[in-house]
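Rule-based calculations on the coordinates, nothing more; no lab input. Keep in mind that what you see is a predicted model, and the values were worked out from it rather than measured. Positions of Cβ are generated from backbone atoms using ideal geometry, with glycine treated the same way; all protein chains shown enter the neighbour counts.
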Amino acid sequence: MWLLKDTPALFTDMYELTMAQVYYKKQINEDAHFDVFIRQLPENWGFFVMAGLAELKSYLEAYRFSEDDIEFLRSKNRFSDDFLEFLKSLKPDVKIRAIPEGTVFFAGEPILEIAGPLIHGQILESYILNILGFSIIEASLATRLSLAAGGIPIIDFGLRRSHGPVASVRSARAALLAGFSATSNLFASRLLDFAPSGTMAHSFVEVHQSEQQAFANFAELYSEQAILVVDTYKPMAGIKTAAVVAEEFFKQKGVKIRGVRIDSGGLVSLTKFARKHFKKKGVEFLKVFVSGGLDEFAVEKLLAKGAQIDGFGIGTRFATSHYAPDLDIAYKLAEYNGRPVSKRSPEKETYPGRKTLLRVKKDYYEKDIVLPFNSSPEDLLKPFKSTERVEVINKRLTIELSRLNDDIKRITKPAEYKVEFSF
């Protein structure tokens, strides 16, 4: 299951098992329906993008308690032998309805329903929220970055700053779904069939006697794929040196070095200087890539100020979702044994019963309506059984964004999309 080599059942909170043991002992295990939803959008976000179902399917397929898991639980002196035997043989028998990956959605709406025996549904809560929460954060943020870049390629540079290996894969997959061109994460590249990409570190330049020698050695080996980092010392001097090396390789070998990367300094002025200088020296084929602490707000501002950029490397602020690192995502019981139930505590109320999610649309999406369950082909919550190809999800997301008003997609201060609850 992704990066987890062991069985995944212990990826749960203690109270899931303490409740489950009571249900088991008291034979409280009729069919239950749980809803997953997110209570509110982060500041400056106008929408979410659904993601995480591929990992969810993997989790359910791999779910089991190993002998070591059972012995660990036994050592806590909280669980009876018969309940532990029950867990040992447990394979969750649940059905899922979910909005498909790549679908835009909004706060408060049901995005996933888990149905099955109460214990089976309850015991899955913690890790399902773990999977969906960060997957949705990253897919939504990756989409915002793509919108800000306006079609300019973006590369995922987030591995080294991610909060753990699993998080790095989730962010890389989100980048892939949102149309990023490549990832620096080789594990994710192999796992997801995502194009790998990378340039050089500043240390590569530092170990050489000169910047020019470093560039020449790199270009000699990687030719058309070579991207030279030009800001180890003085960025303008580095840009000029890259032009010298590029001109030499083109004249002597007919090789067009791919480009340069600027990782610091005044990116607007430096990219404009690079473009002008490369044209002057006859090496205008050099592409200009930028990186270094970028996010959707910085990308939008750079382009608005006329920065001459052919590609972005986005790392820390994407992989950690700097401005929206968490979501108030919830997994709540909606129905038990045919009886609608709800939570009524202030500011955390839920609507009772199973639900249908409808979207009203003409030229653009106008509003969503959440109402009591009514089997309908228009329901956005679809039975989920198998994962979809990335190309299908990419296409869905592209269509979804084309039907969303521009004011909802704004990077700052987006308009609020209307969601009605008909209960």
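Radius of gyration and Dmax for the range 152-319's Cα atoms, expressed in Å?
When restricted to the Cα atoms of the range 152-319, Rg and Dmax are 15.9, 46 Å.
Loop only by DSSP, 12 or fewer other Cβ within 10 Å of the Cβ. Give me the GluC sites (Glu not before Pro) in the range 33-71 that pass, ordered by residue number. Intermediate values should be presented prior to the final figure.
Details: sites: GLU43, GLU55, GLU61, GLU67, GLU71; in loops: GLU43.
Filter output for the range 33-71: GLU43.
Looking at the range 299-423 only, what percent of DSSP beta bridges run antiparallel? Nearest 5 please. The partial results should precede the final answer.
Values: 9 of 13 bridges.
Roughly 70 percent of the DSSP beta bridges within the range 299-423 come out antiparallel.
With a sphere of radius 11 Å drawn around the Cβ of ALA139, what net charge do the other residues whose Cβ falls strictly inside it have (Lys, Arg +1; Asp, Glu -1)? Could you put the intermediate results ahead of the total?
Details: positive: ARG144, ARG170, ARG173; negative: GLU101, GLU138.
Once positives and negatives cancel, what remains is +1.
Which loop trypsin sites (Lys or Arg not before Pro) in the range 1-103, with loop taken from DSSP, have no more than 10 other Cβ atoms within 10 angstrom of their Cβ? Write down the numbers at each step before the final one.
Values: sites: LYS5, LYS25, LYS26, ARG39, LYS57, ARG64, ARG74, LYS76, ARG78, LYS88, LYS95, ARG97; in loops: LYS5, ARG39, ARG64, LYS76, ARG78.
Those satisfying the criteria are LYS5, LYS76.
Going by alpha carbons, how many degrees (0 to 90, nearest 10) lie between the helix axis of 235-253 and the longest principal axis of the chain?
It works out to around 70 degrees.
Place +1 on the Cβ of every Lys and Arg and -1 on the Cβ of every Asp and Glu in the range 152-319, take the dipole about the Cα centre, and give the residue among SER197, PHE289, PRO165 whose Cα lies farthest towards its positive end.
Checking the options against the dipole of the range 152-319, the answer is PHE289.
Taking only Cα atoms, what is the 0 to 90° angle, nearest 10, from helix 267-280's long axis to the longest principal axis of the chain?
The angle comes out near 40 degrees.
In whole Hz, with x marking every Gly and Pro, tabulate ³J(HN,Hα) for the range 125-135 from phi via Karplus 6.51 cos²θ - 1.76 cosθ + 1.60, θ = phi - 60°.
Per-residue couplings from phi come out as 3, 4, 7, 4, 5, 4, 5, 5, x, 6, 4 Hz.
By how many degrees, between 0 and 90 and to the nearest 10, does the Cα long axis of helix 390-402 differ from the longest principal axis of the chain?
The angle comes out near 90 degrees.
Cα to Cα, under 23 Å, and not fewer than 8 places away if on the same chain: which lysines meet these conditions relative to LYS234?
Once the sequence-local lysines are set aside, what remains near LYS234 is LYS272, LYS276, LYS279, LYS280, LYS281, LYS287, LYS305.
When only DSSP loop residues count, what chymotrypsin sites (Phe, Trp or Tyr not before Pro) in the range 351-416 have their Cβ near at most 16 other Cβ atoms within 10 Å?
TYR364
Tell me the label-point distance for the pair VAL244, ASP82, using the 7 Å Cα-to-Cβ offset, in nm and rounded to one decimal.
8.4 nm
Please report, in cubic angstrom per residue, the volume enclosed by the convex hull of the alpha-carbon atoms of the chain. Let's see the in-between values first.
Numbers: hull volume 69.2 nm³, N = 423.
Value for the chain: 163 Å³ per residue.
For the range 32-147, report the convex hull volume of the alpha-carbon atoms normalised per residue, in Å³, without decimals. Numbers along the way, then the final one.
Working: hull volume 14.5 nm³, N = 116.
So the per-residue hull volume is 125 Å³.
For the chain, what is the percent of antiparallel DSSP beta bridges, rounded to the nearest 5?
On the way: 31 of 50 bridges.
The answer is about 60 percent antiparallel.
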